[in-house]
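Engineer: Here it is, the structure in full.
Every number in this text was worked out from the coordinates using simple rules, so none of it is lab data. This is a predicted model, so every value here is computed, not measured. With ideal geometry, Cβ positions are generated from the backbone for all residues, glycine too; neighbour counts draw on all protein chains shown.
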Amino acid sequence: MSERFSATLRIGDLNDYIAPSQGCVIKTENAGKSRMAPKAAQTEPVKISLKDCLACSGCITSAETVMLEKQSLDEFLLNLNKGKSIIFSLSPQSRASLAVHFGLSPLQVFKKLTTLLKSLGVRAIFDTSSSRDLTLIESCNEFIARYRESNSASEEKSKSDLPMISSACPGWICYAEKTLGSYILPHISSVKSPQQTIGAAIKNHICQELCIRPEDIYHVTVMPCYDKKLEAARDDFMFQSDSDAERITEVDSVLTTGEVLDLIKMKSIDFTTLEDSPVDKLLSNVDEEGNLYGVRGSSGGYADTLFRYASKMLFRKEIDGPLEYKTVRNADFRELTLEVDGKIVLRFALCYGFRNLRNIVTKIKSGKCEYHFLEIMACPSGCLNGGGQIKPNPGQSAKDLIQSLEATYSENVLVGDPFENPGIKRLYNDWLGQPGSEKAKRHLHTEYHPVVKSISSQLQNW
Ligand code: SF4
C-alpha cells in the first residue's frame, strides 16, 4: 500500500511544497510531472508515503496537477501563434520581485516586460493594481452594508456579518473551505480577488472595446504564488459564451514570477538593457505623467482602504497620511482602531501566516473575536513573500529580501485613492453602474463552498 501512495520529493524543495498554503504537492509515481514543482535541487530524491501526510487538507492531488499543467510556461508558449489575442495582467508584487532581482524600478520592469511580451506577440499588458482598486471599492461597499446590518440585525444574524474577512488570498480560501467550512465561510467577503476581477473585466467588457470575442482571448496573469493557479481554475470563475458553445475562463493561465524569470532566461536577453516600451494604460495604474499609483499595503491594502472609508462613511472622520498600526502578537499581526467618544467603533487587523490565522479563527468560532475586519493572508509577511516569487540571491537572507521588496514595492509609486481611479470610474460608468449593483454582483462577486471530505473521496484523491 505504501508503495502505491509513495511520492517523490526532494528534501531541498520541501519548504516550497508546504508554503504558502501549507499543503503539499503529492506526485504519484505514475502521474505526470508536476508544474507546481520548482526546479529540483541537486539532492537525492526521498520517498514519502502516506504516513508522512501532515493531514493539513492542503494536498494537490494528481488530478489537480493535470489541471494545473494548463497553467504553465510551456502551455503559454504553446498558445503563442494559435490565433488568440494574448493579454497579460501583471501583479505589483511580481513587478517588485523582478525589480529587486534586476536592480530596476517597478516602472522599468513594467516597460521592459511590455517590450519582451509584445515581441512575442502579446496584444496588451495590464496591471492588477487597477483591478485591485475595483476589488477594494466593492469591498468597501460590502463592509458598510455588513456593519450597518450587524448593528440592526438579530444577534444570530449579526454574528455572521462581522468580522468581514478579506478574500484575495487563495491559500486562505482553500484552507477555510477544506478545514473550517460552514462557520467561517459567511464571514469571507464575497468580492473576487484582483486576479479574477481583472479577468472578469477583460472577458466581459474590455473585449468589446478591443472588438475581440472573449473566447478568442487567452488571458495570462503573473502572480507571486502557485495558489493563484488553483484560484483561476475554480468553476466559479468560468462562464458560458454568448453562443453557449464554450466555457470561458476569466484567467486562462497563471505564471508565477519565477516562471517569468525562466522565460527571460530562456530568451537569452539582457533584461536590464532591454528597450522600454510605453505601457498599456487601459487597465493599468499609470497616470498621465507616466507615474505608477496605487493604495498603500503590499498585500492589497484591504485593511488600510476599508478603515479609511468606513471612518469617513460611518463616523465622518477623514484620515490623511499613514495609519498607526499597533503590533498585537508579532509583526504579522497588527491592528487598527478608531475611537469615538471613548468607545472603539472600528477594530481592524492584519493577520498574516498560518500561526496567526489559526488563532484568530479559533476566536471567531468561540464568538470571542472583537474585530470588524480582518485582512488575512496565508504567507508570513504577506504576498511579497509568496512561494512563486524569485528566491533570495546566494548569501542574501529571506529577511533582507523581504525588506528590499517592501522598499522597492512602493518606490516611486504615488498613493492613490481607488475611488478616484479614472480607469475604474470608467468601468463603473460604461459597464457596472454603481458599486454593489446587480451587474457588479454578477461579475465581481463569488461564493465559497465547504469541502466535505468523505472517506471514499479521500481515497480516490490518493
Ligand atoms: S498571501 Fe499572497 S502570495 Fe501568499 S498565498 Fe496568499 S495570495 Fe498567494
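Engineer: What is segment 288-423 by shape, rounded, prolate or oblate, if you read a ≥ b ≥ c off the alpha carbon gyration tensor as root eigenvalues and call it rounded for a/c under 1.5, prolate for a/b larger than b/c, and oblate otherwise? Mind showing how you got there, number by number?
Structural biologist: On the way: a/c = 2.34, a/b = 1.16, b/c = 2.02.
Oblate, because a/c is 1.5 or more while a/b does not exceed b/c.
Engineer: Would you mind getting me the FRET efficiency between E289 and F239? Use the beta-carbon distance for r and R0 = 22 Å, nearest 0.05.
Structural biologist: It comes to 0.05.
Engineer: Turning to a different aspect of this structure: Once the piece of chain linking K281 and K365 is laid out straight, how much longer is it, given 0.36 nm per residue of separation minus the C-alpha distance between them?
Structural biologist: Working: separation 84, 0.36 × 84 = 30.24 nm, distance 4.43 nm.
Contour length minus the Cα-Cα distance gives 25.8 nm.
Engineer: Assuming a ≥ b ≥ c are the square roots of the Cα gyration tensor eigenvalues, decide whether segment 193-345 counts as rounded (a/c under 1.5), prolate (otherwise, with a/b larger than b/c) or oblate. Present the calculation step by step, with values, prior to reporting the outcome.
Structural biologist: Numbers: a/c = 1.99, a/b = 1.57, b/c = 1.27.
Prolate, because a/c is 1.5 or more and a/b exceeds b/c.
Engineer: Here's a follow-up. Show me the GluC sites (Glu not before Pro) within segment 82-164 that DSSP assigns to loop and that have at most 13 other Cβ atoms within 10 Å of their Cβ. Write down the numbers at each step before the final one.
Structural biologist: Numbers: sites: E138, E142, E149, E155, E156; in loops: none.
Taking segment 82-164 and a limit of 13 other Cβ atoms within 10 Å, no loop GluC sites (Glu not before Pro) are found.
Engineer: Fully extended, how many nm does the chain gain between L78 and R426 (0.36 nm per residue separation, minus their Cα-Cα distance)? Working shown, then result.
Structural biologist: Details: separation 348, 0.36 × 348 = 125.28 nm, distance 3.43 nm.
Stretched fully, the L78-R426 segment lengthens by 121.8 nm.
Engineer: Please find the FRET efficiency linking V345 to K441, where r is the Cβ-Cβ separation and R0 is fixed at 30 Å, and quote it to the nearest 0.05.
Structural biologist: Numbers: r = 28 Å, r/R0 = 0.92.
According to the calculation, E is roughly 0.60.
Engineer: List the relative contact order of segment 150-278 as a percent without decimals, with contacts defined as Cα pairs under 8 Å and 6+ residues apart. Walk me through the intermediate numbers first.
Structural biologist: Working: 121 pairs, mean separation 25.6, N = 129.
Value for segment 150-278: 20 percent.
Engineer: Where a Cα-Cα gap under 16 Å defines reach, which aspartates and glutamates qualify for K229, not counting those fewer than 8 residues away within the same chain?
Structural biologist: Straight-distance partners of K229: D16, E64, E69, D74, E75, E250, D252, E259.
Engineer: If you add up the charges near L185, with Lys and Arg at +1 and Asp and Glu at -1, over every other residue whose beta carbon is less than 9 angstrom from its beta carbon, what do you get? Can you show the working numbers first?
Structural biologist: Numbers: positive: none; negative: E177, E447.
With Lys, Arg at +1 and Asp, Glu at -1, the net is -2.
Engineer: Continuing with the same structure: What is the sum of charges, Lys and Arg at +1 and Asp and Glu at -1, for the other residues whose Cβ falls under 13 Å from the Cβ of R95?
Structural biologist: +1
Engineer: With +1 assigned to the C-beta of every Lys and Arg and -1 to the C-beta of every Asp and Glu, and no other charges, what is the dipole magnitude of segment 316-365 about the Cα centre in debye, to the nearest 20?
Structural biologist: On the way: 11 positive and 7 negative charges, 88 e Å.
I would put it at about 420 debye.
Engineer: Given R₀ = 60 Å, what would the calculated FRET efficiency be for V452 paired with T115, taking r from the Cβ atoms and rounding to 0.05? Walk me through the numbers before you get to the answer.
Structural biologist: Values: r = 49 Å, r/R0 = 0.81.
For R0 = 60 Å, the calculated efficiency reads 0.80.
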